[in-house]
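I have placed the structure first, in the form of C-alpha cells, so that the comments after it can refer back to it.
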Amino acid sequence: MNLKGKTILITGASSGIGESFAYLLASKGAHTVLVARSKAKLDQIAQEIQDKYQVNAWVYQKDLGIVSSAQELYQEIKGDGVDVDIIINNAGFGKWGKFEEFSLETYTSMIQLNINSLMELCYLFIEDFKEKSESGIINVGSTASFIPVPYSSVYAATKSFVLYFTEGLVGEFADTNIRISCLCPGSTASNFSAVADPNKQADTSTTNSLSSDEVARLGLEAFQAGKHYVVTGRRMQLKIFKFLSRKRVITLIADYWKKLLGLEK
C-alpha cells in the first residue's frame, strides 16, 4: 500500500509508539490525525510534522478512557471533513501490582480505553472504509495478548481481546480492500512503565527493550506486507510457553512478577 497522501488516525499519539508512528508515517507522505489527552504535546508534534514533511496534521484532544468518547471523536472528525483512510488504535495503559491494589475506576477506564473505544472506532470507520479502494486498521496489542499475566491480569486480558478481535476482523474482511493487522510489542522504551508502575516497584533495568521507533517501523512493515499480526521482542519466550502447560506458564509468570515487584516473602 502506498501511504503517500493517505490520512491516518493515530490514538495515543502524544508519546511512545503512537508518536513514533506519527513521524514515521509523515516521513512517507501521509497526513495524520493525532489523538491523545495532551493537546500541548500533540500541537508540538503536529507543527514539527507539517514543517518538516509538508503534510497535514490534525489534532484532537480526547480521553478515550471515557464512555462515548470514541463516538464523539468520530463525529468531530467527520464534521471537520477529514477523510480517514487508516486507523491505528494505539492508545492504552496497564497496571503492575496486586489486583486489589488499584481502584475499580482504574480498571473500568482501562477496559474502556483498551477494549471499548478500540472496538468502537473500528466499528464506526469500517463502513467508510468499505467505500475506499485501499484502507486499513492497525490495532496495538501486546506480547501479553498471548498469555495470562498475574499481577497485570486486567491489562493482559484486554490485550488478549485486542488480538482475537483483530484476527476475527481479518477473517471477516479477508476478501475486501480493508487491510487489518495487530501489532504485539514486547518491552518497549516508552512511558508505559511509568504509568503501569508509578511507585517504581519493578526493577526493569535489565529488560531488553526495543525503541518505540523500531516497534512502529516493524508494525508498519508487517501491515504493508499483509501480515495479520507481528510480535516485536520476546518471541522466543512465547514459543517456549507453547510447550508448557497453562498452569506451568501461569506459575512461571507469577514467580517472575513477584520477584520483579518485590512481593516475595
Six or more apart or on different chains, Cβ atoms under 8 Å: show the pairs whose first residue is in the stretch 47-61 and under 18 Å from K6 (Cβ atoms) and whose second is small (G, A, S) and exposed (fewer than 15 other Cβ atoms within 10 Å of the Cβ).
Y53/S27; Y53/G29; V55/G29
Determine whether the stretch 121-134 contains at least one residue that is assigned to a loop (DSSP other than H, G, I, E, B), under 24 Å from L218 (Cβ atoms) and either of a type outside the set (D, E) or within 18 Å of the chain's Cα centre (by Cα) (or both).
no
Which pairs turn up if I take residues in the stretch 90-102 that are in contact (Cβ under 8 Å) with a residue 12 or more places away in the chain and crowded, with 22+ Cβ neighbours inside 10 Å and look for partners that are of a type in the set (D, E, K, R) and part of a helix (DSSP H, G or I) with beta carbon separation below 9 Å, at least 6 apart in sequence or on another chain?
G92/K159
Going by the structure shown, is A40 surrounded by fewer than 15 Cβ atoms within 10 Å (Cβ to Cβ), of a type in the set (G, A, S), without any contact (Cβ under 8 Å) to a residue 60 or more places away in the chain and over 19 Å from F129 (Cβ atoms)?
yes
Within the stretch 1-51, the residues that are among the polar types (S, T, N, Q) and within 13 Å of the chain's Cα centre (by Cα) are T11, S14, S15, S20
Among the residues of the stretch 81-90, is there at least one that is farther than 18 Å from S212 by Cβ and not in a loop (DSSP other than H, G, I, E, B)?
yes
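If you check L42 against the conditions, is it under 26 Å from S145 (Cβ atoms), at pLDDT 95 or above and either touching a Lys or Arg at 6+ places or on another chain (Cβ under 6 Å) or not aromatic (F, W, Y) (or both)?
Values: under 26 Å from S145 (Cβ atoms): no; at pLDDT 95 or above: yes; either touching a Lys or Arg at 6+ places or on another chain (Cβ under 6 Å) or not aromatic (F, W, Y) (or both): yes.
Considered against the rule, which asks whether it is under 26 Å from S145 (Cβ atoms), at pLDDT 95 or above and either touching a Lys or Arg at 6+ places or on another chain (Cβ under 6 Å) or not aromatic (F, W, Y) (or both), L42 comes out as no.
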Selected residue (criterion: farthest from L25 (Cα to Cα)) from residues of the stretch 148-181 that are in contact with a Leu (Cβ under 7 Å, 6 or more places away or on another chain) and outside any strand (DSSP E or B):
Y151
Take the residues in the stretch 163-189 that are more than 18 Å from H228 (Cα to Cα) and of a type in the set (G, A, S), then tell me which one is surrounded by the most Cβ atoms within 10 Å (Cβ to Cβ).
S187
When only residues in the stretch 135-162 that are buried (at least 22 other Cβ atoms within 10 Å of the Cβ) and among the hydrophobic types (A, V, I, L, M, F, W, C) count, which is nearest to the chain's Cα centre (by Cα)?
V140
Verdict on G5 being touching a residue at least 12 places away in the same chain (Cβ under 8 Å), assigned to a loop (DSSP other than H, G, I, E, B) and at positive phi
yes
Whether any residue in the stretch 138-146 is hydrophobic (A, V, I, L, M, F, W, C), closer than 30 Å to H31 by Cβ and in a helix (DSSP H, G or I) is what I want to check.
no
Of the conditions (1) assigned to a helix (DSSP H, G or I); (2) modelled with pLDDT of 85 or more, M236 fails just one. Which one is it?
(2)
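Quick check on my filter: what residues within the stretch 8-30 are in a strand (DSSP E or B) and hydrophobic (A, V, I, L, M, F, W, C)? Spell out the reasoning first.
Within the stretch 8-30, the first condition is being in a strand (DSSP E or B), and the residues that meet it are 8-11.
Answer for the stretch 8-30, where residues must be in a strand (DSSP E or B) and hydrophobic (A, V, I, L, M, F, W, C): I8, L9, I10.
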Inspect all residues belonging to the stretch 8-15 and state whether any of them is in contact with a helix residue (DSSP H, G or I) (Cβ under 6 Å, 6 or more places away or on another chain), farther than 21 Å from Y74 by Cα and modelled with pLDDT of 95 or more.
no
Which residue pairs have Cβ atoms under 8 Å apart, sit 6 or more places apart or on different chains, and have a first residue in the stretch 159-172 that is touching a residue at least 40 places away in the same chain (Cβ under 8 Å) and under 24 Å from Y107 (Cα atoms) and a second that is among the β-branched types (V, I, T) and crowded, with 19+ Cβ neighbours inside 10 Å?
V162/V140; T166/I137; T166/I180
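The values are calculated or read from the model by the stated rules, or taken from the named source; none is laboratory data. Everything numeric in this text was worked out from a predicted model, so none of it was measured. Here the Cβ is made from the backbone with ideal geometry for all residues, glycine too, and neighbour counts use every protein chain on show.
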